[in-house]
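One structure below.
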Amino acid sequence: MDIKLSVILTTYNRYTQLLNIIRNIKKQTFINYEIIVADDCSTDETSLIRETYPNVIYIKTSQNCGYAKNCLNALLKARGEYIIFLSDDDDLICDTFFHEAMELFDKDPCIDSVFGRVKTINGNHEFVSNEPFKQTYNSADFITKIMSLRFTFLDLFSFSSFIFKKDLFIKTDPFKAIFPEAGSVDISAIIKYLMISEKVGFIDKPVYLWVKSTDGSLSGSRKDDLSYQIIQSVSAAFDIYEFREVTEDKIKMLNDYILYIFDAIASDYRFLLNRNSIFKQINTLKNEEVYIYGKGWLGLQIQSYMLSNNIGQFRGFIDDFKKGHNDTTDLASFKLSNPTGHVIVSSLKYKDLLKIYKDLSCLQQVVIHDLISEQI
């Protein structure tokens, strides 16, 4: 029987986590798949996986070559018609994901990829978005949907919550990036695939567990290093720009992406520079009811400081892009709740700040605080 799906599992020195995700993969109700463990020259007991799971295809590089090349090496060994990429420290959390995806592919041959929701763990926070998606999209319309989300889609779905057609995926020149180890290589892989595919299918349930780094940064670490952050985040734009012809739509998409990323990087950096004075100002809200507008990295930093120092009564986050968690509401619902108390706007992006002030100005019982003012 021909292999239907290749599951590529990248790993490096995480034997225990590797065992766990393989156990969970084997819970899938769909059985016509192969598992390819792509070991990036681990120095621990990872090679023992061949004894524990002799049917697993085990590939080990002769030297540490990094995530992108490790994925590419495994891709060239894959025999399946479809392909999914997983990491050893994350997990599948839907036992019917493969089965439901194959049903969508079989039902509509024009569907070239299928994705499900992501459950995200960021420190002590768990999050599953309830952002509405249609069951199927024209790929061009799905790119428009991503643009409407300001490219914050990694909290909604991820590279590892996608199943692709292997032959079409190979046509995107995957993992051949200007900065192949940049954190945004997954973003460019998704966008490039959408650019040459026809339709996207959606499974409306969390299928993949993504454990973010504990610092919750844009790319995992070093938010005080602007050059590093730009390489990590903006490299996707270079890769997409170089892929096939340059069109007006592509230029607009990449312009929007770069503007958003630059604003986010600069905002977080300005917060680092002024963190002590900002926290000092937050101390004045010790006995107040407090909402935080924005559940990004900066908002989580403010919440963590408030909770660890017993400052104020934290009432929840306001965030249209991350609604769905039990401590987060969208702006429209917040305004309808007749709120009282204080709202800290967790952004140093001037354009966003102006819009938020306009949106909240009708609330007479709410005091708005921003991080740019000299006094909070």
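Every number in this text was worked out from the coordinates using simple rules, so none of it is lab data. The model shown is predicted, which means the values in this text are computed figures rather than measured ones. Every residue, glycine among them, receives a Cβ derived from its backbone with ideal geometry; neighbour counts consider all protein chains shown.
Among the chymotrypsin sites (Phe, Trp or Tyr not before Pro) found in the stretch 17-58, not one is both in a DSSP coil and sparsely packed, with 10 or fewer other Cβ atoms within 10 Å of its Cβ. Annotation: the residues R244, R315, sorted from fewest to most other C-beta atoms within 10 Å of their own C-beta, follow the order R244, R315.
Build a GNM of the chain with springs between Cα atoms under 10 Å apart, and of K223, K199, K26 the one that fluctuates most is K26.
Residue pairs exceeding 29 angstrom between C-alpha atoms, taken from K69/K223; K192/K322; K4/K252; K205/K351: K4/K252; K205/K351.
Summary of the geometry: the stretch 82-105 and the stretch 1-17, compared by the centres of their Cα atoms, lie 11 Å apart. Our helix-only sum for the chain, with -39,500 (n - 2.57) per DSSP H run of n ≥ 4 divided by its residues, gives a mean residue ellipticity at 222 nm of -11500 deg cm²/dmol.
When the chain is treated as a Gaussian network with alpha carbon springs shorter than 10 Å, the biggest mean-square fluctuation among G341, G296, G201 belongs to G341.
Comparing S87, S308, S113 in a Gaussian network model of the chain (Cα springs below 10 Å), the most mobile by mean-square fluctuation is S308. For chymotrypsin sites (Phe, Trp or Tyr not before Pro), no site in the stretch 139-192 is both called loop by DSSP and has at most 10 other Cβ atoms within 10 Å. The packing ranking of peptides 4-10, 97-103, highest mean first, is 4-10, 97-103, where packing means the average number of other beta carbon atoms within 10 angstrom of each residue. For the pair the stretch 141-177 / the stretch 325-373, the C-alpha centres are spaced 32 Å from each other. A simple rule links phi to the HN-Hα coupling: the Karplus curve 6.51 cos²θ - 1.76 cosθ + 1.60 with θ = phi - 60°, which for the stretch 150-167 gives 6, 6, 8, 6, 5, 7, 9, 8, 9, 3, 7, 9, 9, 10, 10, 6, 4, 4 Hz, with x for Gly and Pro. Residues of the stretch 169-198 falling in the label zone of S227, defined by backbone nitrogen less than 19 Å from a point 7 Å along Cα to beta-carbon, are 178-184.
More than 38 angstrom separation, counting every C-alpha pair in the chain; what % is that?
Working: 16085 of 70500 pairs.
Summing the P(r) of the chain above 38 Å gives 23 percent of all pairs.
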